[in-house]
Every structure is written in structure tokens, then in C-alpha cells.
């Protein structure tokens, strides 16, 4: 019995989450109507928490690309690339991703989580040092931990703290990996990549940037925060996902280092995972093409983001430090945030609830992700719903 | 138990009390009970985020770096004092 007793803790967490009526981790989308609308408990619901930044999940060209791939290549690859071989499309997407980031090498993984595990466990080994932003995504933590390297965290976006740690590493600094994200997914703030790059160069370290939430969103060509901050060519490894702006599922790494090609031989998460199905690769390729050719998607996304951020602010809500397509509203205690999130859902607004220890500090947040596919009316409806619940604060 | 270790325990205890205060921890009023045997998780119900936050406080205070993987057997204030003492002494030759 002892082996299973540990689930009592999970049961207690679940019971607490269900106190407000609905479990925020188990919302059922009975029907998906569009990138921004679904049916939840029979109710028409605006989706304001699905990271569908460019709204490409229902894009006709992406759907058609996926449909054609299923018809011509089948529903799946039935195994890993090492065992079953690669489909030509996998390699084509890798070339396109490398070209997109203006580097020579690209590698595709079956999930974003797998990409971070796969790259970090290949790049790092016991005895190596990695400097990790404290607010980094769980996949980055897990990848670092699985590698067995020495993990030193630095306070979120604190360049001085990073510099101090590089200094303390002494000779090891020239051989360490700095790991950050582009856009941080809870608070919607960006890494100060220019300053981080300056430190990386000063100490001779390598830099990995996870652009999962910033791909397609930041930069003139949608290449992410590194592009937006003018340091695209200084990043050693870009990682990211196909499950947000690209509207599908999967992950990638792109790099100017030729050793990325050798990661295929040593990365267990890559070697032992079935490769992405043809429809996923095909729709991702089309979505990547759209990021490159339809800058108007980003313009609409940012217009919606600015309106939501300003709307919350003018209603007196405490929002994140900068305008971005991730807008987090600070609600303080969990006891306030949980009913607030529940009432929002009952009003037909789906958002994300973040409570400690999953939030980046001791406060609870309701997080919205904006989409280019949100209409002006939907953005206003989200603001209105929040505003109508102010008495719960 | 040497003097240096006792001093470190006391200092870490004070830092823990100060962390509980700054984070408005619900068990703040029990800070007087902190001693070497105090377990951060079971006595003061620090969650994983708070433990990591507190580790960063220790890094700043003692000007050391704490490898996340090195803390798996570190549970009490006395364990932390031993760890800090080793770090301050530098790597074994």
C-alpha cells in the first residue's frame, strides 16, 4: 500500500482545486468551434487561455496541408526515426526551421517537452555547469536535472545575479550553458537577452533560448525575442514548440553549431520517441510559411494584446510588467483566485489559473493568452467579465 | 559540533526567520522555535518554490552557489549549516 499512499497528497490537491466547483486542471472542451471559441458545460465559451497566439489551428491552408499528408503518407510513422527511418517531410521541416533562424542546423522532436529534455540531456553531462533562470519552464528544469549537470539558478531576469554566478564559476564559466526563455509564459515578460548575450560573450559561455511562447509573436519576421532584441545571431541554441503559434504539436532545436547533427545519435528522448505524424509535420510547415508571409497576423495579435492589457489596467487590475500576448492578472490569495476563475468560466471565459507553488511567486494569478483570432468583441467581453467580478476581490 | 557550525546554524536560523517574515508565511509566529533540528518542509511547510527561494537567499548571504542536485539529503537547518560550511571551505583537494 505504501507505494500508492503518495497519491493521497495528489488527492488533497485535487480536492482543494475542486472547492470552487470546477477543477481548473480538468476542463472539458465539449466542442471546439474556432481558435477562440468552444463549448464548455454546454455553454458557448471564449477561449482566452490556449496559447493559440496566431489562431492558425483552423487556418484552411494548414488544415488542407494536414489532410493531404494523411491521404498521401498515412496517419502515423509507427516508430522512431532511428528505427523506422525519417519521412522526407521531417527533414524538410528541419531545413526550413534552420533557414528561419538563419542557422545551418535544425532538429525536430515530437513534443516541446521532449525537445528540451532531448537537447539538454545531450548538451550536458555530469560535471558540467548550467545556469538556469529561476522561472524557467518545467521542461528546462527536468532536462537539466536528467542530464546530471550541476544546476545553478539565478533570480528571474536578474542579469547581475547571472553575472555574479558566472564570476563564481571561475574557469568553468567558459564551458557552461546559460538557459533562459524568450517570453516567460506566466507573467508575460521577456528575458533581457541583450544583456545576457553580453555576459555570455564576456565569459565565453553558451546560450540556449526557449522561444516556445515567442515564436511567431516577437521580431519583424516572427523569429522570437532574440530577433526582436537584435541578438538572433548570438544565440547558440534555439528551442521551441509547434503547439502554440504553429498550432500543432512537436518541438525543435535550431543551432549554428554543427554538433546539433550529432545530437541525433546521443539524445535518448529523441531516439526512443516515435516521430511526429505526417499531418502534424505538414500543418506545421504550412504554419511556419504563414508566420513568414503574413505579418498582419502579428499586428492583429499585438493590437488585441494592447487592448486587453490596457482594459485590465483601466479596470484597476494588477497586470504583468509589460504588454505581451500573455496577460496575467494578480489576484493574491488562492482563496480569491479560485472562485474568481470559476465565475469567469461560468460566464463563458476560459482562462488559466496559476496558484503557488506553480506560480512564479507567492501570489495567485489568472493568466490570459491573446490570439490574433480574437475579435474586438471577444476581447471586450473578456475585460467585461473580469470587471463584473471585481466584488470577489 | 564546532563553533563555526553553531554560528552557521544560528545565522541560517535568522535568515529563515527573516524569509518567513518577508514572504508573510503563515507559520511566521513560530520563528522562535527555529533550531538546528528544524526541518524546512515538515516543520515550516515550505513548498518547493519557497525552498528554492530560500536557497537563493542563502547563496546571496554566504556568497556561495548551491547546485540544485546537491540538496537531496539536506532537510534541516543543521544539514544546511554543514552544506554551507563545506562550500565556504572550497572543494576538497
**Report entry** Identity of the residue in segment B:47-61, buried (at least 16 other Cβ atoms within 10 Å of the Cβ) and away from chain A (no Cβ under 11 Å), that ends up modelled with the lowest pLDDT
**Finding:** B:54
Query raised in the report: Quick check: is even one residue across segment B:35-46 within 14 Å of another protein chain (Cβ to nearest Cβ), part of a helix (DSSP H, G or I), within 11 Å of the chain's Cα centre (by Cα) and within 25 Å of residue A:360 (Cβ to Cβ)?
Result: no
Query raised in the report: Which of the following residues is more than 14 Å from every other protein chain (Cβ to nearest Cβ) and crowded, with 18+ Cβ neighbours inside 10 Å: B:81, B:89?
Result: B:81
Requested in this report: Would you check which residues across segment A:363-393 are surrounded by 19 or more Cβ atoms within 10 Å (Cβ to Cβ), within 14 Å of chain B (Cβ to nearest Cβ) and over 18 Å from residue A:27 (Cβ atoms) and list them?
Outcome: none
Query raised in the report: Do we find that residue B:27 is more than 14 Å from chain A (Cβ to nearest Cβ) and either at pLDDT 85 or above or within 24 Å of residue A:9 (Cα to Cα) (or both) in this structure?
Result: no
Query raised in the report: Do we have residue A:213 as surrounded by fewer than 23 Cβ atoms within 10 Å (Cβ to Cβ), touching a strand residue (DSSP E or B) at 6+ places or on another chain (Cβ under 8 Å) and assigned to a loop (DSSP other than H, G, I, E, B) here?
Result: no
Requested in this report: Please state which one of A:173, A:138, A:161 is surrounded by fewer than 23 Cβ atoms within 10 Å (Cβ to Cβ) and facing chain B (nearest Cβ under 10 Å).
Outcome: A:161
Requested in this report: Determine which single condition residue B:69 fails, assuming it passes every other condition in (1) without any contact (Cβ under 8 Å) to a residue 24 or more places away in the chain; (2) under 12 Å from the mean Cα position of the chain (by Cα); (3) within 11 Å of another protein chain (Cβ to nearest Cβ); (4) in a helix (DSSP H, G or I).
Outcome: (2)
Query - Subset of segment A:38-66 [part of a strand (DSSP E or B), within 14 Å of residue A:375 (Cβ to Cβ) and touching a helix residue (DSSP H, G or I) at 6+ places or on another chain (Cβ under 8 Å)] - result: A:46
Report summary line: Those residues of segment A:104-128 which are surrounded by fewer than 21 Cβ atoms within 10 Å (Cβ to Cβ) and within 27 Å of residue B:64 (Cβ to Cβ) amount to A:125, A:126, A:127, A:128
Query raised in the report: Among the residues of segment A:73-95, which ones are in contact (Cβ under 8 Å) with a residue 60 or more places away in the chain, surrounded by fewer than 17 Cβ atoms within 10 Å (Cβ to Cβ) and farther than 26 Å from residue A:34 by Cα?
Result: A:78, A:79, A:80, A:82, A:84, A:86, A:92
Report summary line: Inside segment A:370-391, the number of residues satisfying the requirement of being under 18 Å from residue A:54 (Cα atoms) and outside any helix (DSSP H, G or I) is 6
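The values are calculated or read from the model by the stated rules, or taken from the named source; none is laboratory data. Quick caveat: nothing in here was measured; it's all calculated off a predicted structure. So basically every Cβ, Gly included, is an ideal-geometry build from the backbone, and we count neighbours across all protein chains shown.
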